[in-house]
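Only one structure is covered here, and it is reproduced in the block below.
The values are calculated or read from the model by the stated rules, or taken from the named source; none is laboratory data. The model shown is predicted, which means the values in this text are computed figures rather than measured ones. No Cβ is skipped: glycine too gets one built from the backbone with ideal geometry, and neighbour counts run over all protein chains shown.
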Amino acid sequence: MTERPEVVDPAQRPAGHRAVPLLTEPALGHYPEFRTFVVEAFGIETGRIGPSGLLRVGDRFYEVVLLGRSGQEYPVGLEIHALVPGLEPLDEQVADTDLWAILRWLVEGVGGEWSIDALETTGRIYRIPAVTERPAPAPAGPGPVLAFDLYGTLVDPLALATDLGRYLPADVAQRVAVTWRRTQLEYSFRVTAMGRFTPFAELTARALDFALRAAGVVLDPAGRAAVLARYDRLEPYPDVLPALQELRAAGAATLVLSNGSQAMLDACLEHARVTPLLDHVLSVDRVRAFKPDPAVYRFAAEVTGRELGELYLISSNPFDVVGAATAGMRTVWVNRSGAPFDTLGPEPDHVVRTLAELPALVG
């Protein structure tokens, strides 16, 4: 029988326990019912977010970190961490069961638009990686298996300079776009190095805020929201659709393996008309670590039912190519700009200027 979560005093947080992130939902604050419930459940004082809440499920403790935003008095989202003794490994099966119980408790308490029936029926309506089963391995056919990076490889995030240019001078917009992309990647490296996981959508928003601050400019809330929304509607490079069509016709299995959050990937690929040309769309949400962590590349092998050495990683990002090669994949660097490759190595197996060169290389 599933045990019911109980709210306990944060002072009861067990000593010598470390926090293991299980779930991040950064944008629940637009539900009034959510705000009301968490304020009451965790005794949040008006005008401040306050300390982390604490839940107990049986003899296990879970920390609920309420996420705030400057200028807002109520929590905009939450993180749930398992509190694990010392260096003991997390019992994932128990944590998954407890997390599902916490979700039921949360949905029952919030009510309103939130529905237990919907939670039970759809099973995963909130795209929570910790309770989402990985797809069963589906062995690919005899043809090559190509795992494509998304941002910078199939679509161009620096094109957002055009959108920023609607609100900022052109030179400032370009500078912000470059800083935004660089910071987005840097943040992903940092959280992985620290053993944490923050969804890419949230890192993307935080990186934009930093880039604007670094440039000494401000976007009004509507402009900021519009620019962030464009991340879901980036256009593909001109060579993308023809190359994928040719590869598929030749018997290749194709997938996207990206740092992007699953919802970001689904929206972007649908807009770019790429989804029908893919066997899988894989987000690091399932791994809870960002590239170039080896677990990301192993995940692609697990899903396709192939050995790592049978997979190609196709990416414009040198760090991604180096990470994949180090994990054991074959690699193709898409060097659209003619830039030098990293000196960290290992070198890519192949270098192309456009995706049009791929079919001849891997066919």
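So the values come out like this:
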{"item": "Wholly enclosed helices (runs of 4 or more DSSP H) of segment 135-241 bearing at least 2 residues under 19 Å from the mean Cα position of the chain (by Cα) and crowded, with 19+ Cβ neighbours inside 10 Å", "result": "170-193, 200-215"}
{"item": "Per-region count, segment 210-225, residues at pLDDT below 95 and closer than 22 Å to Gly152 by Cβ", "result": "0"}
{"item": "Neighbours by Cβ (under 6 Å, 6+ apart or cross-chain): first from segment 9-20, within 19 Å of Ala41 (Cβ to Cβ) and in the same structural domain as Asp59 (by TED's automatic domain parsing); second at pLDDT 85 or above and surrounded by 13 or more Cβ atoms within 10 Å (Cβ to Cβ)", "result": "Pro10/Leu54; Arg13/Leu54"}
{"item": "Subset of segment 333-352 that is free of Cβ contacts under 8 Å to residues at least 40 places away in the same chain and either of a type in the set (Val, Ile, Thr) or in contact with a Gly (Cβ under 9 Å, 6 or more places away or on another chain) (or both) - its residue that is surrounded by the fewest Cβ atoms within 10 Å (Cβ to Cβ)", "result": "Thr343"}
{"item": "Residue in segment 271-288 that is in a strand (DSSP E or B) and among the β-branched types (Val, Ile, Thr) present", "result": "yes"}
{"item": "Tally of residues being touching a residue at least 60 places away in the same chain (Cβ under 8 Å) and either within 14 Å of Glu202 (Cβ to Cβ) or of a type in the set (D, E, K, R) (or both) across segment 257-282", "result": "7"}
{"item": "Qualifying residue in segment 58-67 (condition: surrounded by fewer than 16 Cβ atoms within 10 Å (Cβ to Cβ) and modelled with pLDDT of 85 or more)", "result": "yes"}
